[in-house]
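Reading through the structure tokens given below for one structure.
The values are calculated or read from the model by the stated rules, or taken from the named source; none is laboratory data. Just so we're clear, the structure is a prediction, and the values are computed from it rather than from any experiment. Virtual Cβ from ideal backbone geometry, glycine too; neighbours counted across all protein chains shown.
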Amino acid sequence: MTSQVLSGQRTASTSTGWIGRIVATEKDGAATLARLVLALVMFPHGAQKLLGWWGGYGWDGTLGFLTGTIGLPSPLAAGVILLEFFGPLLLLVGLATRPVALAFVGLMLGAIFSVHAPHGFFMNWSGAQAGEGFEYHLLAIGLAWVLVHRGGGRFALDRLWAGSRGGS
């Protein structure tokens, strides 16, 4: 068994190599909370994009918007939709937490710079702006960044894959 230092914590892992380092995590309650909240917040957005739930446009409408209005290539647009739907499900169970969280950081940065930055910081709570600001995206980036650095925390399936052990 090798000992690794990740994010200032000692993590014992029976897995060695880069996969072991990616999935290693401690029984970290803060990381667990960040993982579950990010999953809870992102899932409805993904369900809007993929399934059309909660007033969303579904696969075809969202793909059309992302390729036509935003100008993303079709494979990237499809990846955005799939990440927003399946990423939260992976986070919910704590599987591939770090890669999914890093993908969400990229997704949120892309959303800020391609759509939301011109509308300022604040969300459009009163309907007075032409679009939505980027405060939500910064919060999602903050939660995701915790997961990139800390892993999935308690009850994450990553822990089983890594064979990780850690303190409470």
When the residues of the stretch 85-127 are filtered to those that are in a loop (DSSP other than H, G, I, E, B) and touching a helix residue (DSSP H, G or I) at 6+ places or on another chain (Cβ under 8 Å), which remaining residue is nearest to residue 32 (Cα to Cα)? 94
When the stretch 130-168 is checked residue by residue, the ones that are modelled with pLDDT under 80, surrounded by 14 or more Cβ atoms within 10 Å (Cβ to Cβ) and not basic (Lys, Arg) are 161, 162, 163, 164, 166
So, residue 155, is that one closer than 28 Å to residue 17 by Cβ, of a type in the set (A, V, I, L, M, F, W, C), assigned to a helix (DSSP H, G or I) and touching a helix residue (DSSP H, G or I) at 6+ places or on another chain (Cβ under 8 Å) or not? no
Restricting the search to the stretch 72-84, which residues are in a helix (DSSP H, G or I) and over 10 Å from the mean Cα position of the chain (by Cα)? 74, 75, 76, 77, 78, 79, 80, 81, 82
